[in-house]
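Asker: Quick one: the structure is below, questions incoming.
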Amino acid sequence: MRLVRPTGLLGRLARQRKAVATIEFAMSLPFLALLYTGGYQICDAVSANRKVTRAARTIADLTTQYTNVTDADLTTILNASVQVMAPYSTSAAQMTVTEVKVDALLQTSVVWSAGKNGAALNARDPYVLPLALKQPNTYLIVAKINYTYTPIFGATYLGTIPMAETIIMSPRASQQVTKS
């Protein structure tokens, strides 16, 4: 029985061993590029989520240091979060800072509220707090951010990622932060 040797271009390619690494690299390049951009996108989303947490903490922390705030003070505090969120745009972030009163019967209600890129809460509206935080006759500052993260790569396929953070702190300089 006689073996037939491949001839022509296909035969030469089958016998050639010099470009195997190049061919393997070319075949794996799309997967490696996808892996790299996916890894970058995950790291960027985690970074954005950390910025949302830091911005909410900054809003609550700054507000609790006051004994009395004005609308201008609250605007300044909410605008400080823009610097904390950098390089991410805060146009996709709805931020509120609210003072909540817990009465003697552990009923909670909004005392005052301010918002950026969204509506503030109405005074005297009920506010839901975790039971563990309810102490009779106390006030709490609640900073809340809802952020819509848009991926840099593949936003068409992935869509947006909603992120939210709520930080609750007690006033530090007084029992209550009044608003004038």
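The values are calculated or read from the model by the stated rules, or taken from the named source; none is laboratory data. The structure presented is a predicted model; accordingly, all values stated were derived computationally and were not measured. Cβ sites come from the backbone with ideal geometry, for glycine too, and all protein chains shown count toward neighbours.
Asker: Any residue in region 167-180 that is modelled with pLDDT under 95, polar (S, T, N, Q) and assigned to a strand (DSSP E or B)?
Answerer: The answer is yes; a qualifying residue exists.
Asker: Are any of the residues in region 47-65 at pLDDT 95 or above and not in a helix (DSSP H, G or I)?
Answerer: Checked region 47-65: at least one residue is at pLDDT 95 or above and not in a helix (DSSP H, G or I).
Asker: Hey, another quick one. Looking for something in contact (Cβ under 8 Å) with a residue 40 or more places away in the chain, more than 20 Å from Ala72 (Cα to Cα) and assigned to a strand (DSSP E or B) - is there at least one such residue anywhere in region 130-144? Can you show your working first?
Answerer: To start, the set of residues in region 130-144 that are in contact (Cβ under 8 Å) with a residue 40 or more places away in the chain comprises 139-144.
Going one step further and asking which of them are more than 20 Å from Ala72 (Cα to Cα), we end up with 139-140.
If we keep only those that are assigned to a strand (DSSP E or B) as well, we get 139-140.
Yes, because at least one residue in region 130-144 is in contact (Cβ under 8 Å) with a residue 40 or more places away in the chain, more than 20 Å from Ala72 (Cα to Cα) and assigned to a strand (DSSP E or B).
Asker: Taking interchain pairs and intrachain pairs at least six residues apart, which have beta carbon atoms under 6 angstrom, with the first residue in region 154-177 and closer than 27 Å to Thr67 by Cα and touching a residue at least 40 places away in the same chain (Cβ under 8 Å) and the second among the small types (Gly, Ala, Ser) and part of a strand (DSSP E or B)?
Answerer: What qualifies is Ile167/Ala143.
Asker: Considering each residue of region 68-89, count those that are surrounded by 17 or more Cβ atoms within 10 Å (Cβ to Cβ) and outside any strand (DSSP E or B), and give that number.
Answerer: Counting residues in region 68-89 that are surrounded by 17 or more Cβ atoms within 10 Å (Cβ to Cβ) and outside any strand (DSSP E or B) gives 8.
Asker: Now, a different point. Can you pull out the residues in region 90-115 that are surrounded by 19 or more Cβ atoms within 10 Å (Cβ to Cβ), modelled with pLDDT under 95 and touching a strand residue (DSSP E or B) at 6+ places or on another chain (Cβ under 6 Å)?
Answerer: Ala93 - this is the single residue of region 90-115 that is surrounded by 19 or more Cβ atoms within 10 Å (Cβ to Cβ), modelled with pLDDT under 95 and touching a strand residue (DSSP E or B) at 6+ places or on another chain (Cβ under 6 Å).
Asker: Kindly provide the set of residues from region 108-154 that are under 22 Å from the mean Cα position of the chain (by Cα) and of a type in the set (Gly, Ala, Ser), ordered by number.
Answerer: Scanning region 108-154 gives Ser113, Ala114, Gly115, Gly118, Ala119, Ala120, Ala143, Gly154.
Asker: Leu105 versus (1) in contact (Cβ under 8 Å) with a residue 40 or more places away in the chain; (2) in a loop (DSSP other than H, G, I, E, B); (3) over 22 Å from Lys179 (Cβ atoms): which is the lone unmet condition?
Answerer: (1)
Asker: Which residues, counting only those in region 21-37, are without any contact (Cβ under 8 Å) to a residue 24 or more places away in the chain and surrounded by 12 or more Cβ atoms within 10 Å (Cβ to Cβ)? Give the derivation first.
Answerer: Initial filter on region 21-37 (without any contact (Cβ under 8 Å) to a residue 24 or more places away in the chain): 21-36.
Passing the criteria: only Leu34.
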